[in-house]
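Peer 1: Sharing a structure with you now.
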Amino acid sequence: MAAPARGPTGGSRAGLRLVLVLQLLLLLRPRGAAAGGDETGVATPTGACGCGTPQRPGAQGSTAAAHRYSWEANAPGPDPDPGPDPSPDPRPQPAKMVPLPAGLFTMGTDEPQIRQDGEAPARRVAVDAFYMDAFEVSNADFQKFVNATGYVTEAEKFGDSFVFEGMLSEHVKMGINQAVAAAPWWLPVKGANWRHPEGPDSTVLHRLDHPVLHVSWNDAVAYCTWAGKRLPTEAEWEYACRGGLENRLFPWGNKLQPRGQHYANLWQGKFPASNTGEDGFRGTAPVDAFPPNAYGLYNMVGNAWEWTWDWWAVHHSTEETLNPKGPPSGKDRVKKGGSYMCHKSYCYRYRCAARSQNTPDSSASNLGFRCAADLLPGAG
Ligand SMILES: [Ca+2]
Ligand SMILES: [Ca+2]
């Protein structure tokens with residue numbers, strides 16, 4: 001599978017870093033005093049919100065040069081993971097696709113909770129019929145892909161990925177002196193990748209049915225292409241998330257916990273210090289955990305963020321559209337659904353209308369994907 005393009009030279013990377021540092025400073029300055037205690041979950045720069053995911057370039061330039069995390073210093077060296085593949089998961093892995101009917105729905109909302117994310121306005125969107133993965137792509141799914149193709153993810157090529165501090169061992173944390181300034185709970189961890197979500201001393205062996213993590217947008221596209229599928233557009237993803245319900249917050253309705261039951265893998269406790277795991281999971285959950293929505297789709301919100309096809313933009317026309325695919329170009333790709341790190345106090349993004357973004361080469365311990373298709377793979 002073709003490797004994604006990325007600026008390889010130190011010069012261009014340094015220039016990009018400078019631009020991003022300036023952007024970061026501009027974004028931080030007016031927000032500093034106002035951000036505290038904002039219950040709508042004010043975004044930190046370029047999507048690095050509490051439960052969001054830091055971006056590779058922005059994170060590099062976010063603190064003093066003496067402590068700057070350096071790709072140059074960390075990228076070289078042998079593959080950090082020469083070990084054998086995980087053994088097969090004894091449990092059967094669901095990988096089914098669900099047919100979704102063509103339909104007209106209300107995308108976005110006129111009652112945005114995080115306005116700067118471009119949740120508004122509500123607009124009528126028509127989508128053709130398509131198929132959607134019922135589940136997030138699991139570690140077992142991704143392992144099949146890697147075993148069949150030899151694919152190497154971007155996190156493996158870069159030699160690192162972002163991991164939420166609360167998931168790291170003390171041993172791994174001791175070796176890191178750099179965090180994302182705006183979201184210090186994100187740490188760049190050498191050797192963190194889909195096989196080792198919390199760094200070299202971790203494994204997916206016992207959680208092959210959990211969503212694959214540390215996959216970039218480019219990795220996700222590679223997987224879906226191999227599987228005879230594609231990434232869903234943001235419109236398709238949101239249509240699928242809503243499960244036929246109109247103007248509701250969540251895939252199942254407006255109440256977060258109907259009858260006191262948890263419907264998604266989110267964060268309970270005080271973010272980021274206390275994670276009670278009341279919903280049963282402090283980290284990711286199996287991709288088939290929690291009730292599906294009316295379309296039979298699992299974990300659309302919560303568990304892992306999910307990449308979509310679209311380039312990121314925050315301004316949308318109110319005109320009715322058919323099969324919108326986002327702007328023709330951009331810097332970031334749209335991700336949807338929030339993750340197990342999302343709490344209303346800091347990152348109220350586990351709503352169908354919510355959205356965030358990352359550069360296509362970014363990866364982290366709360367970001368995965370699922371695929372869509374026009375036709376069932378193999379049916380043609
Ligand atoms: Ca949880
Ligand atoms: Ca999800």
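The values are calculated or read from the model by the stated rules, or taken from the named source; none is laboratory data. Just so we're clear, the structure is a prediction, and the values are computed from it rather than from any experiment. Positions of Cβ are backbone-derived with ideal geometry, glycine not excepted, and every protein chain shown enters the neighbour counts. Each accessible area value is taken on the protein alone, full model and side chains, heavy atoms only, with ligands, DNA and RNA left out. Shrake-Rupley method; radii C 1.70, N 1.55, O 1.52, S 1.80 Å.
Peer 1: Per residue of region 278-295, what does 6.51 cos²θ - 1.76 cosθ + 1.60 with θ = phi - 60° give for ³J(HN,Hα)? Whole Hz please, x for Gly and Pro, Karplus curve as stated.
Peer 2: 4, 7, x, 9, 7, x, 6, 10, x, 5, 9, 6, 6, x, x, 7, 5, 8
Peer 1: With a probe of 1.4 Å, find how much accessible area region 258-340 has per residue, and write the answer as a whole number in Å². Walk me through the numbers on the way to the answer.
Peer 2: Details: 3630 Å² over 83 residues.
Accessible surface, normalised per residue, equals 44 Å².
Peer 1: Once amide H atoms are placed 1.01 Å from N in the peptide plane, what residues at a sequence separation of 5 or more from residue 100, or on another chain, have their amide H within under 5 Å of its amide H?
Peer 2: Residues meeting the criterion, in which the H sits 1.01 Å from N, are 130, 131, 132.
Peer 1: Sum up the charges of everything whose Cβ sits under 13 Å from the Cβ of residue 324, counting Lys and Arg as +1 and Asp and Glu as -1, but leave residue 324 out.
Peer 2: On the way: positive: 123, 124, 325; negative: 128, 234, 236, 238, 310, 319, 320.
Local net charge: -4.
Peer 1: May I ask you to list the trypsin sites (Lys or Arg not before Pro) in region 206-260 that are in a DSSP loop and have at most 13 other Cβ atoms within 10 Å of their Cβ?
Peer 2: On the way: sites: 207, 229, 230, 242, 248, 255, 259; in loops: 207, 229, 248, 255.
Passing sites in region 206-260 are 255.
Peer 1: So, one more: Can you tell me which of 301-311, 115-125 comes out highest on packing, and rank the rest after it, using the mean Cβ neighbours within 10 Å?
Peer 2: Values: 301-311: 26.9, 115-125: 17.8.
Order by mean packing, descending: 301-311, 115-125.
Peer 1: Just from the alpha-carbon atoms, what are the Rg and Dmax of region 98-160 in angstroms?
Peer 2: 18.3, 46
Peer 1: Let me ask something additional. Over the Cα atoms of region 268-347, how large are the radius of gyration and the largest Cα-Cα distance (Dmax), in Å?
Peer 2: 15.9, 44
Peer 1: What does the net charge come to around residue 168 if you take all other residues with beta carbon closer than 14 Å to its beta carbon, with K and R at +1 and D and E at -1? It would help to have the intermediate numbers written out before the result.
Peer 2: Numbers: positive: 173, 190, 282; negative: 160, 165, 170, 198, 201.
Net charge around residue 168: -2.
Peer 1: Could you check the spin-label model distance between residue 323 and residue 259? Points 7 Å from the Cα along Cα→Cβ, value in nm.
Peer 2: For residue 323 paired with residue 259, the spin-label model returns 4.0 nm.
Peer 1: Another one. Share of region 97-150's accessible area from carbon and sulfur, percent, 1.4 Å?
Peer 2: That fraction is 49 percent.
Peer 1: Assuming 0.36 nm per residue, please report the length gained on full extension of the stretch residue 206 to residue 288 beyond their Cα-Cα distance. Intermediate values should be presented prior to the final figure.
Peer 2: On the way: separation 82, 0.36 × 82 = 29.52 nm, distance 1.54 nm.
So the extension gain works out to 28.0 nm.
Peer 1: Over region 245-380, with every protein chain in place, what whole percent of the accessible area is carbon and sulfur at 1.4 Å, could you tell me? Spell out each step's value before the answer.
Peer 2: Numbers: 2950 of 5470 Å².
Using a 1.4 Å probe with all protein chains present, region 245-380 comes out at 54 percent carbon and sulfur.
Peer 1: Please work out how much length the chain gains when fully extended from residue 374 to residue 147, using 0.36 nm per residue of separation minus the C-alpha to C-alpha distance, in nm with one decimal. Don't skip to the end; give the middle numbers.
Peer 2: Numbers: separation 227, 0.36 × 227 = 81.72 nm, distance 2.57 nm.
Gain on extension, residue 374 to residue 147, equals 79.1 nm.
Peer 1: Among residues other than residue 276 whose Cβ falls under 11 Å from its Cβ, what is the net charge (Lys/Arg +1, Asp/Glu -1)? List each step's numbers first, then the result.
Peer 2: Numbers: positive: 270, 282; negative: 278, 279.
Combined, the nearby Lys, Arg, Asp and Glu give 0.
Peer 1: Could you quote the convex hull projected area for region 244-380, Cα atoms only and averaged over all directions, in nm²? All intermediate terms of the calculation are to be shown ahead of the outcome.
Peer 2: Values: hull surface 41.2 nm².
Mean projected area for region 244-380: 10.3 nm², to one decimal.
Peer 1: What is the gain in length, in nm to one decimal, between residue 96 and residue 273 on full extension, counting 0.36 nm per residue of separation less the C-alpha to C-alpha distance? Kindly include the intermediate steps, with their values, before the conclusion.
Peer 2: Values: separation 177, 0.36 × 177 = 63.72 nm, distance 3.67 nm.
The span from residue 96 to residue 273 would gain 60.0 nm if fully extended.
Peer 1: Using alpha carbon centroids, what distance separates region 239-295 and region 328-372, in Å?
Peer 2: 15 Å
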